[in-house]
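The block underneath contains the structure these notes are about, expressed in structure tokens.
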Amino acid sequence: LLCENNKSEITNKIDEEIEEINNYVEQVLFYARLDQVSNDFMIRKVNLEETIRNVLARNKKMMIHNGMKVETKNIELSAYTDEKWLEFILNQVIINAIQYRKEKSPEIVIELQEMKENVKLSIKDNGIGINKSEIDRIFDKGFTGTNGRNQKKSTGIGLYLCKRLCEELGMIIEAQSKENEYTNIIITIPRTKKLNEE
């Protein structure tokens, strides 16, 4: 409230730091609950557009401050998953896209593709990309890579949590990237309620 009622460059920076702390705290809490996570699942039909817009709204200030443009394509789809956990996963990916952005014209494109049995959710940025030799390790626990060491802010936990949660939810997460050009994180989400039927 103090930051909101006293707008300045300094309070905007404080606001950003608070949001960053919130994200780290959320990571820790989700990590602590990882072994019991399946007890907390509520698999239902989720409006993916609403979920995506919630995550974008949450990161709006950080994206504006960093001059980041966001484009959405064909996001008016639904799929079966846990909304809360999906929001956490998308938030981690968006934060990474902001953190590893290019200085000139940074952009994120979020697109959904409707398949027969699932929906493919793609979050593609035009950032600094990932080294070819490291792409297969980015979901490993504690892996920070060259970019993470250079940024000095990476915990190596965010994408690991995304991978584990996707496995628990019957989703698939994968990455494509070209150094200095782009990173594309693709999440495959079931269109039916298979997880609860097993």
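Equivalent ellipsoid of the chain: semi-axes from √(5λ) of the C-alpha gyration tensor, largest first, are 26, 20, 18 Å. Helical content alone sets the calculated 222 nm signal of the chain at -12500 deg cm²/dmol, taking -39,500 (n - 2.57) per DSSP H segment of four or more residues and averaging over every residue. Subtracting the Cα-Cα distance of residue 35 and residue 22 from their residue separation scaled by 0.36 nm leaves 2.5 nm. Distances between placed amide hydrogens fall under 5 Å for residue 177 paired with 184, all partners being 5 or more residues away or on another chain.
Compared with the alpha-carbon gap, the fully stretched path from residue 74 to residue 6 is longer by 20.6 nm at 0.36 nm per residue. Residues in the chain average 57 Å² of solvent-accessible surface per residue, probe 1.4 Å, ligands and nucleic acids excluded. Subtracting the Cα-Cα distance of residue 136 and residue 122 from 0.36 nm times their residue separation leaves 3.3 nm of extension gain.
Of the solvent-accessible surface of the range 1-116, computed with a 1.4 Å probe and all protein chains present, 52% belongs to carbon and sulfur.
Can you tell me which of 46-53, 65-72 comes out highest on packing, and rank the rest after it, using the mean Cβ neighbours within 10 Å? Mind showing how you got there, number by number?
On the way: 46-53: 17.8, 65-72: 14.1.
Peptide ranking by packing, descending: 46-53, 65-72.
The values are calculated or read from the model by the stated rules, or taken from the named source; none is laboratory data. None of these values were measured; they are calculated from a predicted model. Cβ atoms come from the backbone with ideal geometry, glycine included; neighbour counts cover every protein chain shown. Accessible surface is based on the protein model in full, side chains and every heavy atom, while ligands, DNA and RNA are left aside. Shrake-Rupley method; radii C 1.70, N 1.55, O 1.52, S 1.80 Å.
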